[in-house]
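Take a look at the structure set out below.
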Amino acid sequence: MQNLNKKNFILIALLIFNAFLFSEEKLNIDKYKNVLSEVESILEENHFKKNVNIDTKAIKEKYINSIDSQKMVFDAEDFDNFSKIEDLNKFSQIKFAFEVFEVFKEKSIKFLDLQRQSITEINLESQLDTNDFIFKDREDEKRFKNLEELSEYHLKEAKSELISIYLKEKDLKKSKEKLLKRFVNREKSLNRISEDDIFSMYVNSFTSFYDPHTNYM
């Protein structure tokens, strides 16, 4: 941690924990709370920016937008409800980060199930005919108002992806199999995200307020 940089950059290397999935070990919030305190101390002492005042509401919103950057899981009501939670101490911040991610994962899997069911029910090429369109890059778009709008988007998105595969494969059955396999892999990827990964995402939501190149690793 010596010689922390002449440029707008700081690399924080602290502790590397063994990664445990939620199902394998009870979350040790105290462990992460202590690391969060250490990150704050290192930044306050060494970062070129001094006296950076960041409220936890801003961190929470940044974190939600980081795990759901395409705004395809949390609707506007979800976002508002999470943002309304009062300012948090460090213990509550860590708890918040993990609880929000768990909701994100559960909703993501439900949307994958919805997409899987809709693709399974497509058996004719004529069912791919559509006048619908979607914006693939949603980072700068508004959040959907409710679950119904989100579900409709996911259905359109699944059909759009199937059409793209079909245009290359020219075989509906193979195209469906390929897409359904992608859904399985996406769910596996979600389940592989560890507690350390989630904690890192939350801490980076905090460090980003110092400058874009300040990261926790």
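For the subset of region 59-87 comprising residues that are of a type in the set (A, V, I, L, M, F, W, C) and open to solvent by 30 Å² or more (accessible area, probe 1.4 Å), which member is farthest from GLU152 (Cα to Cα)?
Looking at residues that are of a type in the set (A, V, I, L, M, F, W, C) and open to solvent by 30 Å² or more (accessible area, probe 1.4 Å), I get ILE85.
How many residues are of a type outside the set (Lys, Arg) and either touching a Leu at 6+ places or on another chain (Cβ under 8 Å) or farther than 23 Å from LYS188 by Cα (or both) if we restrict to region 69-120?
The number of residues fulfilling the criteria is 30.
Tell me the residue from LYS145, LYS136, LYS159 that is under 24 Å from the mean Cα position of the chain (by Cα) and surrounded by 12 or more Cβ atoms within 10 Å (Cβ to Cβ), please.
Selected residue: LYS159, the only one of LYS145, LYS136, LYS159 that is under 24 Å from the mean Cα position of the chain (by Cα) and surrounded by 12 or more Cβ atoms within 10 Å (Cβ to Cβ).
Quick check on my filter: what residues within region 126-149 are over 20 Å from LYS57 (Cα atoms) and in contact with a helix residue (DSSP H, G or I) (Cβ under 6 Å, 6 or more places away or on another chain)?
LEU128, ASP132, ILE134, PHE144, LYS145
The values are calculated or read from the model by the stated rules, or taken from the named source; none is laboratory data. These numbers come from a predicted model, not from an experiment. Neighbour counts are summed over all protein chains in view; Cβ atoms, including those assigned to glycine, are modelled from backbone coordinates with ideal geometry. These area figures cover heavy atoms from the full protein model, side chains too; ligands, DNA and RNA do not enter into them. Shrake-Rupley method; radii C 1.70, N 1.55, O 1.52, S 1.80 Å.
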